[in-house]
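*Asks:* Provided herewith is a single structure, encoded as C-alpha cells, for subsequent inquiry.
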Amino acid sequence: MALKQANKVETNRVELEIEVGAEAFEQAVSVAYRKNIGKMNIPGFRKGKAPRAYVEKIYGEGVFYEDAVNALYPSALDEAIVESGYEYVEDKIDLDVVSVGKEGLCFKAVITVKPEVEVTEYKGLKAAKKSVSVKETEIKEALEQLQDRNSRLVTVEDRAAQNGDTVVFDFDGYVDDKAFEGGKAENHSLVLGSGQFIPGFEDQIVGKKTGEEFDVDVTFPEEYHATELAGKPAVFKCKLHEIKVKELPELNDDFAKDCSEFDTLEELKADTKENIKKQKERAANEAFETELMEQLIANLKGEIPEAMYENRVNESVRDFDYRLQAQGLNLNTYLQYTGMDMDAFRKGFREQAEKSVKLRLALEKIAQLENIAPTAEEIEAEFAKFAEQYKMEVEQIKSMIPEGELVKDLAVGKAMDVVKATAVKPTKTTKAKKED
C-alpha cells in the first residue's frame with residue numbers, strides 16, 4: 001500500500017489517494033477466485049473446477065475485481081490514515097475507484113478527521129476552591145444515623161400509638177359499603193407519620209391501643225391512581241395488634257466496639273470526623289475541577305464535526321443499554337415503559353456529549369502544546385491498575401486496550417493536572433459555628 005497524497009477538501013474532511021501494488025492486488029484476485037469458483041457453473045467443467053483463466057475469458061478479466069477491492073481497501077485505508085497523520089473520526093467514508101487492473105488498484109477515500117482546535121487560555125484560570133471544616137453537629141448527625149441503622153424495634157403495651165411508632169394491624173376497606181380490590185390486609189406493618197397511606201389514615205391510628213378495633217374514615221384524593229376510587233369516601237375497619245418503638249443503642253465505647261473497628265467512642269468520633277472531611281474535600285475538588293473544565297470548554301475554538309457528538313451520544317446510549325441488561329431489561333422495553341421515542345431519548349445525552357467532546361479536544365491540545373507524554377513506567381502502572389480492577393492478567397488487559405489509546409488518556413489526565421496546578425484559587429473559607 002502507498003499513500004499518494006492527502007488533501008483537505010472541506011472543513012474536517014480529507015481526501016486520501018491510495019495505491020495497492022500489482023502483486024498485492026493479484027493475490028487478492030486469486031483469493032476472490034478461490035472464494036467464488038465453487039458457486040460458479042462453467043460449461044464443460046465440473047462445478048468449482050474451472051481454471052481462473054478460462055473463467056476470466058468467459059466473464060471478463062475483471063470478474064473477481066470487485067471482491068478483491070472489497071477485501072483490500074479496509075486495511076489499505078487504515079494504513080493510509082496512519083501514514084497521513086490525521087485522526088479519523090468514525091463517520092461515513094466516500095470511496096471512489098480511480099483505476100483497477102493488472103497494474104494494481106488506485107482509489108480515493110474522503111474521511112472525516114478530528115478538527116484543528118485552539119485553546120485561547122488554559123493557564124492561570126480562576127476558580128474558587130473551598131477550604132473545608134467539620135462541624136460538631138455534622139459528627140453528631142453521622143453518629144445518629146449509625147445509631148439508627150443499629151436500632152431495634154421493641155414492643156410497648158403500656159401506652160397508645162404515637163407518631164414515629166411502628167404499628168402492626170389489620171384493615172378492611174369499603175367504598176359505598178362494598179369491599180374493593182387492594183383494600184384489605186392482615187398484620188400490615190406501618191410507621192405512623194411516614195405518609196405511606198392516604199391523607200388522614202395514619203392520624204386516626206394515633207391514640208389507639210393494642211387490641212383496639214376501630215374505623216378509619218378517609219376520602220381518596222381526586223388524583224388517586226385507581227380512578228374508580230378517586231375522590232370517593234371510604235371506611236377502613238381496623239384492628240391494632242402491636243405497637244413497636246425504635247430503641248437506639250447508647251452512644252458509648254460498647255457501641256463503638258459493636259458497630260465499628262474501634263474500641264472507644266472517641267476513636268469512632270475522630271474517624272467519623274475524618275471521613276466527613278474527606279467527603280467534603282472530594283466535593284470541593286470536584287467543584288473546583290468542574291469550574292475549570294467549563295472555562296476550558298468556553299476557551300476552545302474550532303469547528304467540531306457533528307459525527308463526534310453523535311458518536312459520543314452513541315456511546316452513552318450503549319452504556320445505558322448495558323446497565324439495563326445487567327438488571328434484566330433492555331432499551332426497547334425501557335422506552336416503552338417511559339413512553340419515549342429514541343430521538344427524545346438520545347436528545348437527553350446531547351448536552352453532556354458536546355461538553356465531553358469539547359473538553360477532550362481542549363485537553364488533547366494542551367497535551368500537545370505542553371509536549372506531555374507519559375513515561376513507560378506510568379503506562380505499565382496504568383495497565384497494572386486495570387488488571388487489578390478487573391481481576392485479570394496484565395497481558396490480557398494489554399490485548400484488550402490498545403496502548404495508543406491508553407497513552408492518550410494518560411496525556412489528557414496530565415494536561416488537566418497542568419490546568420489545575422496553574423489555576424488561581426481564591427480560597428473561600430467556611431468557619432464552623434461554635435456549638436453550645
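The values are calculated or read from the model by the stated rules, or taken from the named source; none is laboratory data. Because the structure is a prediction, the values reported are computed rather than measured. With ideal geometry, Cβ positions are generated from the backbone for all residues, glycine too; neighbour counts draw on all protein chains shown.
*Asks:* Condition (residue is of a type in the set (S, T, N, Q), part of a loop (DSSP other than H, G, I, E, B), on the phi < 0 side of the Ramachandran plot and out of contact with any Cys (no Cβ under 8 Å at 6 or more places or on another chain)) applied to the range 259-276: is it met by at least one residue?
*Replies:* yes
*Asks:* Still on this model: If you go through the range 412-426, how many residues are in contact (Cβ under 8 Å) with a residue 60 or more places away in the chain and within 28 Å of the chain's Cα centre (by Cα)?
*Replies:* 4
*Asks:* Right, something else. Conditions: (1) at pLDDT 95 or above; (2) part of a strand (DSSP E or B); (3) small (Gly, Ala, Ser). ALA161 meets all but one. Number of the miss?
*Replies:* (2)
Residue-wise test of (1) more than 30 Å from GLY124 (Cβ to Cβ); (2) at pLDDT below 95.
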{"residue": "ALA307", "(1), (2)": "yes, no"}
{"residue": "VAL313", "(1), (2)": "yes, no"}
{"residue": "ASP319", "(1), (2)": "yes, no"}
{"residue": "LEU331", "(1), (2)": "yes, yes"}
{"residue": "ASP341", "(1), (2)": "yes, yes"}
{"residue": "LYS347", "(1), (2)": "yes, no"}
{"residue": "GLU351", "(1), (2)": "no, no"}
{"residue": "ARG360", "(1), (2)": "no, no"}
{"residue": "LYS365", "(1), (2)": "no, no"}
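*Asks:* Look at the range 59-110 and say how many of its residues are closer than 24 Å to GLU315 by Cβ, of a type in the set (A, V, I, L, M, F, W, C) and touching a strand residue (DSSP E or B) at 6+ places or on another chain (Cβ under 6 Å).
*Replies:* Residues that pass the stated criteria total 4.
*Asks:* Next question. Can you tell me which condition GLY413 does not meet? The list is (1) in a helix (DSSP H, G or I); (2) crowded, with 17+ Cβ neighbours inside 10 Å; (3) modelled with pLDDT of 95 or more, and all the others hold.
*Replies:* (2)
*Asks:* Report yes if some residue within the range 419-427 is touching a helix residue (DSSP H, G or I) at 6+ places or on another chain (Cβ under 8 Å), part of a loop (DSSP other than H, G, I, E, B) and under 25 Å from LEU296 (Cα atoms); otherwise report no.
*Replies:* Yes, that holds for at least one residue.
*Asks:* Of all residues in the range 142-178 being among the small types (Gly, Ala, Ser) and touching a Gly at 6+ places or on another chain (Cβ under 7 Å), which is nearest to LEU248 (Cα to Cα)?
*Replies:* That would be GLY164.
*Asks:* Hey, among VAL407, VAL357, which residue is among the β-branched types (Val, Ile, Thr) and over 23 Å from ARG323 (Cβ atoms)?
*Replies:* VAL407
*Asks:* Free of Cβ contacts under 8 Å to residues at least 12 places away in the same chain, surrounded by fewer than 17 Cβ atoms within 10 Å (Cβ to Cβ) and out of contact with any Leu (no Cβ under 6 Å at 6 or more places or on another chain): does that describe ASP67?
*Replies:* Here the answer is no, as ASP67 does not meet what is asked.
*Asks:* Also: For the condition within 31 Å of the chain's Cα centre (by Cα) and part of a strand (DSSP E or B), what is the one hit in LYS123, LYS130?
*Replies:* Just a single option satisfies the conditions, and that option is LYS130.
*Asks:* Hey, among the residues in the range 148-165 that are of a type in the set (A, V, I, L, M) and surrounded by 12 or more Cβ atoms within 10 Å (Cβ to Cβ), which one's nearest to GLN196 (Cα to Cα)?
*Replies:* By that ranking, first place goes to ALA161.
*Asks:* Something else about it: Criterion first (over 35 Å from the mean Cα position of the chain (by Cα), buried (at least 16 other Cβ atoms within 10 Å of the Cβ) and of a type outside the set (A, V, I, L, M)) does TYR54 satisfy it?
*Replies:* For TYR54, the condition - over 35 Å from the mean Cα position of the chain (by Cα), buried (at least 16 other Cβ atoms within 10 Å of the Cβ) and of a type outside the set (A, V, I, L, M) - is not met.
*Asks:* Next question. Condition test on LEU268, is it surrounded by 15 or more Cβ atoms within 10 Å (Cβ to Cβ), over 28 Å from ASP417 (Cβ atoms), outside the structural domain of GLU87 (by TED's automatic domain parsing) and at pLDDT 95 or above?
*Replies:* yes
*Asks:* I'd like the full set of residues that are closer than 21 Å to THR219 by Cβ, surrounded by fewer than 15 Cβ atoms within 10 Å (Cβ to Cβ) and among the hydroxyl-bearing types (Ser, Thr, Tyr), limited to the range 166-195.
*Replies:* SER194
*Asks:* If you scan the range 299-314, which residues turn out to be without any contact (Cβ under 8 Å) to a residue 12 or more places away in the chain and either loosely packed, with under 14 Cβ neighbours inside 10 Å or touching a His at 6+ places or on another chain (Cβ under 9 Å) (or both)?
*Replies:* Residue satisfying the conditions is GLU306 alone.
*Asks:* Exactly one condition in (1) under 30 Å from GLU303 (Cβ atoms); (2) surrounded by 16 or more Cβ atoms within 10 Å (Cβ to Cβ); (3) not aromatic (Phe, Trp, Tyr) is not met by LYS4; state its number.
*Replies:* (2)
*Asks:* While we're looking at this one, here's another question. Which one of these is modelled with pLDDT under 95, touching a helix residue (DSSP H, G or I) at 6+ places or on another chain (Cβ under 6 Å) and crowded, with 17+ Cβ neighbours inside 10 Å: VAL119, VAL132?
*Replies:* VAL132 is the lone residue from the list that is modelled with pLDDT under 95, touching a helix residue (DSSP H, G or I) at 6+ places or on another chain (Cβ under 6 Å) and crowded, with 17+ Cβ neighbours inside 10 Å.
*Asks:* List, please: which pairs have Cβ atoms under 6 Å, are six or more places apart or on different chains, and start with a residue in the range 243-272 that is among the aromatic types (Phe, Trp, Tyr) and end with one that is surrounded by 13 or more Cβ atoms within 10 Å (Cβ to Cβ) and not in a loop (DSSP other than H, G, I, E, B)?
*Replies:* Close Cβ pairs satisfying both conditions: PHE262/ALA256; PHE262/LEU268.
*Asks:* With the condition kept exactly as written, say whether any residue in the range 220-227 is surrounded by 15 or more Cβ atoms within 10 Å (Cβ to Cβ) and touching a Phe, Trp or Tyr at 6+ places or on another chain (Cβ under 8 Å).
*Replies:* No, the conditions are met nowhere in the range 220-227.
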